[in-house]
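Undergrad: After the C-alpha cells below, expect a handful of questions from me.
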Amino acid sequence: MTTIDRPEIISEAFGDPADPALLLIMGAMASMLWWPDALCRKLSGAGLYVIRYDNRDTGRSTKYPPGQPPYTFDDMADDAIGVLDSHGIGKAHVAGMSMGGMIAQRVALKHPSRVASLTVISSSPMGMDTSHLPQTTDAYTKHSAEGADVDWSDRRQVIDFMVRDTRAIAGIAHPFDEAGMRVFIELDYDRSRGFLSATNHFMLKGGNAWKGRLPEMAAPLLVIHGTADPIFPVEHGETLAETVAGAKLLRIEGGGHELHPQDWPAISAAIVAHIESH
C-alpha cells in the first residue's frame, strides 16, 4: 500500500483573528481566487475572520499527475480541517460552493465538532439519489462536452474555453462581463501555472460512507441557490434544505452557478445573519 503524503494547502485570511472564523471552500477546478477578494473583504468587514484556500490540484496547492488523483472527496474534507488547524482555529463557520458545497457537507458530517454553521451555495445534496431532480441543462452539457477537445496544456485554448464556461454558467439577471472575466481567468491561470491537474476533480470517487446521512446534519444550514443555475437547477438546493432539519433557503432570482457581484449584498447579508444567529 502506497502512503500519500499530506498535501501542501495554500490559504489566505482576511480580517481579525479574534472574530468568528468563516472557512470558504470553492468548487471543481477553482482556486481560492474564485472567492473574490472584494467579497472576502465585504465579509471580513462585517466582523468575520475569512479564510479561503486552494483545493489540492488548484492554485498553488499540491498538484498530482493528470488522470491519477490519489485522493477522495473525504480527503478534501480533511484538507479543510487541516486549514483550520494551520490557523489555530478549533471551530469555524463553513461555506462551500458547487463541489465545495459537497465537500462542506462532508466536513460537517465527518467533523461535527469543528463546524459552527454551514452555508451551501449552488450545490446538490450529498449522499442521496438526485436522479428525480431536474438535471444539468442540455446547453451546458453540450458546452461541457467541448472540454474534451481542449488541449489543457495550451494557455490560449484553456482560457478561451474557461471564458465560454463562465458565460455558460451565468444567470439571466445581470449582464455578463466577458472582458473582466477574461482578465480574471488569465490571472488565475498564471498564478496556478495552468489548470491541467485541476481536471482531476472530475475523476474523484465519492464513496458510500455518507449515503443517507444528511438528516444527521447537526450544523445549522443555510442554502443559497440561483433560480437559473444551469448545472444544479434550484430544485437541488431546495431538496438539500428540505432534507436537513431547520435549514433555511435563500433563492437568488435569476442567479446562475456563480457569485455575481450584483448578488454579493444579498449573499453576504444572508451569510452574516446566519452566522450571527448561531
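Each reported figure results from applying straightforward, stated rules to the coordinates on display, with no laboratory input. Predicted model, so just to flag it, every value in this text is computed and none were measured. A quick note on method: Cβ atoms are made from the backbone with ideal geometry, for glycine too, and the neighbour counts reach across all protein chains shown.
Undergrad: Add +1 for every Lys or Arg and -1 for every Asp or Glu among the other residues with Cβ under 12 Å from the Cβ of residue 134, and state the total. Could you put the intermediate results ahead of the total?
TA: Working: positive: none; negative: 138, 229, 235, 238.
Once all neighbours under 12 Å are counted, the net charge is -4.
Undergrad: While we're here: Test of understanding: in a Gaussian network model of the chain with alpha carbons linked when under 10 Å, which of 133, 250, 84 would top the mean-square fluctuation ranking?
TA: 133
Undergrad: Which entries of 110/248; 91/142; 91/211; 205/248; 211/248 show an alpha-carbon separation above 31 angstrom in the structure shown?
TA: Numbers: 110/248 21 Å; 91/142 41 Å; 91/211 25 Å; 205/248 29 Å; 211/248 22 Å.
Exceeds cut-off: 91/142.
Undergrad: Something else about it: What's the Cα-based Rg to Rh of the chain, Rh via Kirkwood?
TA: Using Cα coordinates only, the ratio equals 0.93.
Undergrad: Let me ask something else about it. Taking 0.36 nm per residue of sequence separation and subtracting the Cα-Cα distance, how much length would be gained by fully extending the chain between residue 144 and residue 72, in nm to one decimal?
TA: Numbers: separation 72, 0.36 × 72 = 25.92 nm, distance 2.25 nm.
Residue separation times 0.36 nm, minus the Cα-Cα distance, leaves 23.7 nm.
Undergrad: Relative to the compact-globule scaling 2.2 N^0.38 Å, provide the ratio for the alpha-carbon radius of gyration of the range 1-155.
TA: Numbers: Rg = 16.5 Å, N = 155, 2.2 N^0.38 = 15.0 Å.
Expressed relative to 2.2 N^0.38 Å, the Cα Rg reads 1.10.
Undergrad: In nanometres, what is the gap between the two model label sites at residue 262 and residue 156, each 7 Å from Cα along Cα-to-Cβ?
TA: Going from the residue 262 label point to the residue 156 one covers 3.3 nm.
Undergrad: Sequence neighbours fewer than 8 away in the same chain don't count; with that in mind, list the aspartates and glutamates whose C-alpha is under 16 Å from residue 42.
TA: By straight Cα distance, residue 42 reaches 12, 16, 19, 263, 276.
Undergrad: I would also like to ask the following. Using the membrane-span-like helix rule (whole DSSP H runs, Cα extent along the own axis of at least 15 Å, mean Kyte-Doolittle hydropathy at least 0.5), which helices of the chain qualify? Working shown, then result.
TA: On the way: long enough: 73-86 (20 Å, 0.15); 99-110 (16 Å, 0.60); 155-169 (21 Å, -0.35); 178-192 (21 Å, -0.43); 264-276 (17 Å, 1.15).
What comes out of the filter, once short or polar helices are dropped, is 99-110, 264-276.
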